[in-house]
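Since the structure comes first, as C-alpha cells, the remarks are kept for the end.
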Amino acid sequence: MLRSTLLALCLAASAAVVGAAPWLVDGRPAPVAHQAVNILAGAATEGLQPEDYHAAALAQAVADAAHGPALDADAALRLEDALTTSVQRYLGDLRSGRIDPRQIHQNYTAPALPHTDAATALQNALAAPSLAEAVRAAAPPVPLYASLRSELARYRALGNPAAWETPLPPLPGRKLEPGQTWAGLAQLTQRLVVLGDLPPDTLPTALYDEALQNGVKAFQQRHALASDGVIGKGTLDALAVSPAARARQIELAMERLRWTPLLRGPRMIVVNIPEFVLRAYEVQGGRVSLQLAMKVIVGKALDTRTPLFDEDMRFIEFSPYWNIPPSIARSETIPRLRRDPGYLQQQGMEFVGANGQVHTTLSAEHLDAVLRGQMRIRQRPGPKNALGDIKFVFPNNSNIYLHHTPAPLLFQRDRRDFSHGCIRIEDPVALAQFVLRNDPAWTESRIREAMARGQSATLRLAEPLPVVIAYSTAIVKQGKLHFFADLYGQDKLLDRALRQQSEQRRLRAGPGLPAAAQ
C-alpha cells in the first residue's frame, strides 16, 4: 500500500522538482514533514483546496512512513519529491494565485515581488524557525487579506445552519414594512442572529418590530442595499444566500488579492467596481493607511463595462475637452444631431478635422466625415462638458480615465453603473489634492481656479501614481464584512476557472492516486 501511494504521488507531480528538502531522516519523516502535511491539510484556511496539493495522500504516506518500516532510498526519494512538489505549488498559489488573471479579462501587471523561484522559496521557508509562519508570510501582505481570512474561518464555522434549510416564505405583498406580520419572521430572526446582525439572545416576535428592523438595516448596510429596514426583493434575495455561498465569495476575494497589484508604491488609488468606491492609500513603514474614499460611477454592466487593469496616472487635465469616442459618436451623438441640429451649440460641441482645423457649424458633410473617421466631434470645456471640470489620465489601451461630471445627482443612487466605461468621481477636488500632495504650489484654491477657468490645461505629474481598477465583492470595512453584487459576473468567471483548474490537477494526478486525493 505504501509503495503504491508513493508511486501515485510521484506521478502526481506536475512540475520538475528542483532542490532537495530535508523531509526524511534515515527513511523516517522529520518533524518538518509532519508540519508540511498539516499545512497542506489546512489549505482551506487560506481559501485554497487541500486536494489540489494531494494533502490526504501525502498525510497518509507520511503516517505510513512514520509507523511502518523505514523507507528505502528509492521510496524515500519519491516521498521527498512529492512533498517538495506539493509544498512548492502551495507556496506559489498562496503568493501569486492559482490562475492568470488574463483568463478572466483582468489585465494586471504582475505584482512587484522579488524574483524568487519555487525551489528558493521552499528553501527559505525550510530555513525559517517555523515552517507554518514562513509559509503564511507568502500570503498577500495587505491588511484586507488577513481580515478576509478571519471572516472566512467565521463563515466556515457557521456551516449550513438550520435557518437556511428551507426558503423564506413569500412576502405578504411586494415588500414587508414596519408593523406588519409575516410567516417568515422567526426564520428571519434566526438568520440575522447567525450572521451577527442581531444580538444572540434576540427572540422572534409576532410583528415586524423596531428591533428586527434594526437588524435588517444592519444586514442591508453590509450588503450594499438601501438601509431603510424595508424588506423587498433585493433584501430577500440577499437573505437567501447561505453562509457556505458567502464563504466561497470570500475565497474568491482572497484569490484576487494574490494577483491584484496592490502596494506598488508609497501612494496609490484603487477603484473597486462592484462597490462603486474609490480609495486612496499611503504606505509608510510597511503600514497601509486610508487617505481618501469617495463614490464613483462605473461602466454599465449590460454593454459598456469598465475594464479591470492597472496603470500609472501621469497627467491631470483641467477644464478638459471631451473627444467623443467614435462608437458613442456613431450610436448616440450623430443620430441626436440629425434629429436636433441645435444640440451642437447647446452642448458646446464642434468638429475637428484630421489637420486640427475646428468647425463650429453643423453640416451633413461634417457628420459623414465623422462616420468615415476623417473628423471627430469634441465638446468644449464648460458647465455641460461630460467630463466636468477635471480629468485624471492614466494612459491605457481602453482610453479609460477618472473625471468629474455635470450630473452629480447620480451619486445618490445605490447602484451606480451608468457610464460608457470611464469612471466618474464624486469629489474631484479632494482627489486632486491627494494626487498633488507632494507639490505645495498646488493649493486647494489653485486647483479650484484651474478647474473653473474654462481653458483646457494639462499638468504632467512629477511622479507617476499607480491606479488599480479592481474587482472584489467581499471586503472588510471598519471591522465589518460587506458583500456586493457580482456586477460584471466576474465572480462566476473566477469560480469556474478555479474549479476547472482543480479538476485538471486531479486528472493529471493519474488513476493510481488513492481516493483520498481524488
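All of the numbers you see were taken from the coordinates with simple rules; none came from a lab. If you're wondering where the values come from, they're calculated on a predicted model, not measured in any experiment. Neighbour counts run over all protein chains shown; Cβ positions are idealised from the backbone, glycine included.
Take every DSSP beta bridge with both residues inside the chain and express the antiparallel ones as a percent of the total, to the nearest 5. Intermediate values should be presented prior to the final figure.
Working: 46 of 56 bridges.
Of the beta bridges lying entirely in the chain, close to 80 percent run antiparallel.
How much of the calculated P(r) for segment 60-107 lies past 14 Å, in percent of all Cα pairs?
Numbers: 730 of 1128 pairs.
In whole percent, the long-distance tail amounts to 65.
At 0.36 nm per residue, minus the direct Cα-Cα distance, what do Val142 and Ala364 gain on full extension? Give it in nm, one decimal, please.
74.3 nm
Taking the chain as the reference, fit the longest principal axis to its C-alpha atoms, fit the long axis of helix 210-222 to the helix C-alpha atoms, and give the angle between the two in degrees, 0 to 90, nearest 10.
90
For the pair Ser445 and Ala245, how long in nm is the line joining their label points, each one 7 Å along Cα→Cβ?
Distance between the two pseudo-spin positions: 5.6 nm.
Assuming a viscosity of 1.306 mPa s and a temperature of 10 °C, what translational diffusion coefficient in µm² per second does Stokes-Einstein assign to segment 388-457, Rh being the Kirkwood radius over Cα pairs?
In µm²/s, the coefficient rounds to 119.
For segment 433-516, I need the span (max minus min coordinate) of the C-alpha atoms along each principal axis, in Å, sorted largest to smallest.
That works out to 72, 30, 23 Å along the principal axes.
Hey, what angle do you get for helix 185-195 against the long axis of the chain, alpha-carbon based, 0 to 90 degrees rounded to 10?
Once rounded, the angle reads 70 degrees.
Please compare each pair in Lys217/Lys480; Lys175/Lys233; Lys175/Lys217; Lys295/Lys492 to a cut-off of 19 Å on the Cα-Cα distance and tell me which ones are over it. Before the final figure, lay out the partial values.
Numbers: Lys217/Lys480 14 Å; Lys175/Lys233 7 Å; Lys175/Lys217 14 Å; Lys295/Lys492 25 Å.
Over 19 Å Cα-Cα: Lys295/Lys492.
I want to verify the translational diffusion coefficient of segment 82-204 in µm²/s; compute it with Stokes-Einstein, Rh as the Kirkwood radius over Cα pairs, at 10 °C and 1.306 mPa s.
Values: Rh = 19.0 Å.
Translational D for this selection: 83 µm²/s.
Hey, how much of the P(r) for segment 263-475 falls beyond 27 Å, as a percent of Cα pairs?
Details: 7891 of 22578 pairs.
So the portion of pairs separated by more than 27 Å is 35 percent.
Need the full-extension length gain, Ser96 to Ala452, defined as separation in residues times 0.36 nm minus the C-alpha distance. One decimal, nm.
Details: separation 356, 0.36 × 356 = 128.16 nm, distance 4.49 nm.
Here the segment from Ser96 to Ala452 would lengthen by 123.7 nm.
Give the Cα extents of segment 203-289 along the principal axes, in whole Å, largest first.
55, 24, 23
Hull surface divided by four, with the convex hull built on the Cα atoms of the chain: how many nm²? Don't jump to the answer; show the numbers that get you there.
Numbers: hull surface 124.8 nm².
Averaging across all directions leaves 31.2 nm² for the Cα convex hull.
At 222 nm, what helix-only mean residue ellipticity would the chain give, in deg cm²/dmol to the nearest 500, using -39500 (n - 2.57) for each DSSP H run of four or more?
On the way: 17 runs with 194 residues, N = 518.
Helices in the chain give a 222 nm mean residue ellipticity of -11500 deg cm²/dmol.
Would you mind checking the tilt of helix 243-259 against the longest principal axis of the Cα atoms of the chain, expressed as 0 to 90 degrees and rounded to 10?
Around 80 degrees separate the two axes.
For segment 162-241, build the convex hull from the C-alpha positions and give me its volume per residue in Å³.
Numbers: hull volume 6.4 nm³, N = 80.
Cα convex hull per residue, to the nearest whole number: 80 Å³.
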